[in-house]
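The values are calculated or read from the model by the stated rules, or taken from the named source; none is laboratory data. Everything numeric here is computed off the predicted structure, so don't read it as measured data. Backbone-built Cβ (ideal geometry, glycine too); neighbour counts: all protein chains shown.
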Amino acid sequence: MKVVVTGLGALAPNGLSVPSYWEGLCSGKSGIDTITSFDITDFPIKIAGELTGFEPEKYVDRREVRKLDRFSILALGAATEAIHRSGLNLDTIC
């Protein structure tokens, strides 16, 4: 059996979900700002696109958050939203 998930997921500096990301895009919201997640004193770059307000535990068990890198957590977050938005019931296919 082949499965195609036809949903969207987005975690971006200008929106932590597809609706908020789309709204940010359409309104011209940048998402680029001064870095606040770590001390930037010794770094030449002072601005970036950070995911302010992102809660990893919303997508991944708290114990797993410590084991996974940020990229993997963000990928799981976007994939989780895509599955939910697709209307796919995982109980019927797993």
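Scanning the range 1-27 for residues that are over 15 Å from the mean Cα position of the chain (by Cα), within 16 Å of His84 (Cβ to Cβ) and among the aliphatic types (A, V, I, L, M) turns up Val3, Val4, Val5. Select from the range 28-81 the residues that are more than 17 Å from the chain's Cα centre (by Cα), surrounded by 11 or more Cβ atoms within 10 Å (Cβ to Cβ) and charged (D, E, K, R) and list them in ascending order. Asp33 - this is the single residue of the range 28-81 that is more than 17 Å from the chain's Cα centre (by Cα), surrounded by 11 or more Cβ atoms within 10 Å (Cβ to Cβ) and charged (D, E, K, R). Here Gly7 fulfils each of the conditions (1) at pLDDT 95 or above; (2) within 26 Å of Ile93 (Cβ to Cβ) apart from (1).
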